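Note sheet for the following structure.
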Amino acid sequence: MFFREEIVVVAEGSWVVQAFPVIGENLPISTLEKVNQVEGVKTVVPMVVRFGYQVEAVIQLVPTNVSIGIPFGNLSVLIGQTPLKPGGTWPVVAQEEVVVGPSLALEWNFDAGSKIKVSSKHAYMNLTVSGILDTRSALLSRSIILPLRLAQQLSYGHTMFVNMIIAEPEYIDQQELIANRIEQEIPGLKALSINERNQIVEPLLSDIETWNLGLSSVLYLLSMILVIMVSTMNISERRRDFATLDAIGAPKSTIFRIVMIETALIGLLGGVLGVLLGSIAAVLIASIYTSIPLSLFFADLLAFISPFFLTKIITSTVVISSIAGILSAITALRINLPETLRAEY
Amino acid sequence: MIVKTQDLTRIYQLGTSIISAVNRVNLEIRDASFVTILGPSGSGKTTLLNLIGLIDQPTSGKVYFRNQDVSLLTDKERRNIRLHSMGFVFQTFNLLPTLTTVENVELPLALAKISGQLQHKRAIELLTAVDLSHRLHHRPRELSMGEMQRVAIARALANDPCLILADEPTGELDTETGSEIIKLLVDLCQGKKTTVLLTTHDKKVAEVADERYYIQDGKLEYESS
Ligand SMILES: Nc1ncnc2c1ncn2[C@@H]1O[C@H](COP(=O)(O)OP(=O)(O)O)[C@@H](O)[C@H]1O
Ligand SMILES: [Mg+2]
């Protein structure tokens, strides 16, 4: 998570997600100095953050793209020790350079040196990509990080506003205290310590969890349905064969064994197919939901579908196949022999 | 006497209507005879054969197999008789589609726990006898219907049974192929003194028998010998 030890200051009433204001008022640049003067605040960093969402899509946890404006001297506040992919360099403000996240870069085919056009209703800019971030953070991965001045121009058409301020307290254990102090001393501000941010994010995280659960359920259900479908299909298709075995005097134990092994094997096959199809379905859904390109998911499929989960699914496939095998073996022994022999196929 | 029935009756109840598919049948089949039962569709041929073949249980009356009242047997004993002493030939062949010709014939031998080598040897002998030595590794769907029925005959004979029960074995075949199949059954079984009980709705087929019966509405009548 971003800004562990820092306080996130936004306008009162802003909606903050993952430490960034998603919706809310802007702050006059003079707020920066006011926050800086609050006792116990060591440094302040102004930022402009804009989330771009695809309009057609459902509510997205990960936006289509994010533009973040920050004074490049303070970049480490945002990205920590994140390196650049080989070939890139850190931007020089005067040359109107930006760094972009890997997912965006992949999607738009950006390299270090690529020229990009960024426009808003306030401004139109030709920028140069100086480097690609090497990060796994979903948010940074979809980000364009610009010099603060450019982000302000794009956002407002001037440089008199920002929409968030990162305030670093002198002492970490004073986070709550100083956040409260900022809110008391400067009206119209919301200062969020890490705890307060977590509280806001929590329902959202649980949303993600639900979503993950949903995805794994899709995977799970698909493979289980396949196991059951394939085994019952086989059983009904082979009823007559089992009846024939029965008629020519095969011992019950033999029929039981044949049916059980056959069904279990076929069920297993269905399960493997189900895991494959289910994984693809889950990834497709996730990709649509998060607008992260499919190729990124497939490049890292195992990170997305954990080995632990795979093991779990394969184990239950084996268990379900065996149960299906035993059940169908029992059914095969309970057929009405003359009726089944008589049935037309 | 290999088979004897005593007032053998099988009643089906469908809602309020009661069908006597087999109605007080008294039948005696001598060892090594070739017996046919002629009857139109729905007359009770399959039901009667299922009762004699220990596949179905009578509503009343008795079946004696080699003087043994079969109603006293356990399921396991009945299976054993079906496996070792009877051979079944079905109208629709009932070969196992996933097995090859030779495997289909080996199946009853395997079920009777004959050793693998002997199984194979015997299966090939039988398939040669039914003139299918050139189709050993084909699967049923690659065979003609006449060939399928010949595989079925080889399978029925595998464990050297004393009784072959053939329920309309020519029902799906054209006349010429049908008479070839009947000839094969006669040749193979007469040589080994295997008893055959065969049903048909075809008068011509019925005529090959030593003893002929006619069945209608579950009532069996002796025709001639
Ligand atoms: N499971 C069943 N339930 C009700 N009636 C049946 C059933 N099986 C057979 N029958 C009836 O018993 C009669 C004899 O059938 P079946 O023995 O199959 O005759 P066949 O083999 O001579 O054509 C027919 O009227 C048939 O409809
Ligand atoms: Mg019939």
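The values are calculated or read from the model by the stated rules, or taken from the named source; none is laboratory data. If you're wondering where the values come from, they're calculated on a predicted model, not measured in any experiment. Cβ sites come from the backbone with ideal geometry, for glycine too, and all protein chains shown count toward neighbours. Just the protein is used for accessible areas: all its heavy atoms, side chains included, with ligands, DNA and RNA removed. Shrake-Rupley method; radii C 1.70, N 1.55, O 1.52, S 1.80 Å.
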Selected residue (criterion: modelled with the highest pLDDT) from residues of the range A:109-134 that are open to solvent by less than 30 Å² (accessible area, probe 1.4 Å) and assigned to a loop (DSSP other than H, G, I, E, B): A:SER114
Qualifying residue in the range B:3-18 (condition: open to solvent by 10 Å² or more (accessible area, probe 1.4 Å), more than 16 Å from ligand 1 (Cβ to nearest atom), outside any strand (DSSP E or B) and basic (Lys, Arg)): no
Residues satisfying the stated conditions in the range A:232-251, i.e. farther than 13 Å from A:LEU337 by Cα, assigned to a helix (DSSP H, G or I) and within 13 Å of another protein chain (Cβ to nearest Cβ): A:ASN234, A:GLU237
Criterion (assigned to a helix (DSSP H, G or I), over 27 Å from B:SER43 (Cβ atoms) and not hydrophobic (A, V, I, L, M, F, W, C)) met by exactly one of B:GLU180, B:GLU176, B:GLU147: B:GLU147
Residues satisfying the stated conditions in the range B:167-178, i.e. within 13 Å of chain A (Cβ to nearest Cβ) and either within 12 Å of the chain's Cα centre (by Cα) or away from ligand 1 (no atom under 16 Å from the Cβ) (or both): B:ASP167, B:GLU168
Residues (within 15 Å of ligand 1 (Cβ to nearest atom) and either aliphatic (A, V, I, L, M) or at pLDDT below 95 (or both)) located in the range B:19-40: B:ILE19, B:ALA21, B:VAL22, B:VAL25, B:LEU27, B:ILE37, B:LEU38
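Would you confirm whether or not the range A:328-337 contains a residue that is at pLDDT 65 or above, touching a Ser or Thr at 6+ places or on another chain (Cβ under 6 Å) and either away from ligand 2 (no atom under 16 Å from the Cβ) or open to solvent by 70 Å² or more (accessible area, probe 1.4 Å) (or both)?
Yes.
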Lone unmet requirement of (1) touching a strand residue (DSSP E or B) at 6+ places or on another chain (Cβ under 9 Å); (2) within 16 Å of ligand 2 (Cβ to nearest atom) for B:SER60: (2)
Filter result (within 11 Å of ligand 2 (Cβ to nearest atom) and surrounded by fewer than 23 Cβ atoms within 10 Å (Cβ to Cβ)) within the range B:29-45: B:PRO40, B:SER41, B:GLY42, B:SER43
The listed residue being more than 14 Å from chain A (Cβ to nearest Cβ), over 30 Å from B:ASP217 (Cβ atoms), open to solvent by less than 10 Å² (accessible area, probe 1.4 Å) and not charged (D, E, K, R), out of B:THR128, B:THR101: B:THR101
Output for the range B:76-85, where each listed residue is open to solvent by less than 70 Å² (accessible area, probe 1.4 Å) and either among the hydroxyl-bearing types (Ser, Thr, Tyr) or more than 7 Å from every other protein chain (Cβ to nearest Cβ) (or both): B:ARG78, B:ILE81, B:SER85
Output for the range B:72-129, where each listed residue is at pLDDT 95 or above, of a type in the set (Val, Ile, Thr) and within 16 Å of ligand 2 (Cβ to nearest atom): B:VAL89
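Looking at the range A:299-314, is at least one residue modelled with pLDDT of 75 or more and open to solvent by less than 70 Å² (accessible area, probe 1.4 Å)? Quick ask: steps written out before the conclusion?
Keep residues of the range A:299-314 that are modelled with pLDDT of 75 or more, which gives A:311-312, A:314.
Restricting the remaining residues to those that are open to solvent by less than 70 Å² (accessible area, probe 1.4 Å) gives none.
No, the range A:299-314 contains no residue that is modelled with pLDDT of 75 or more and open to solvent by less than 70 Å² (accessible area, probe 1.4 Å).
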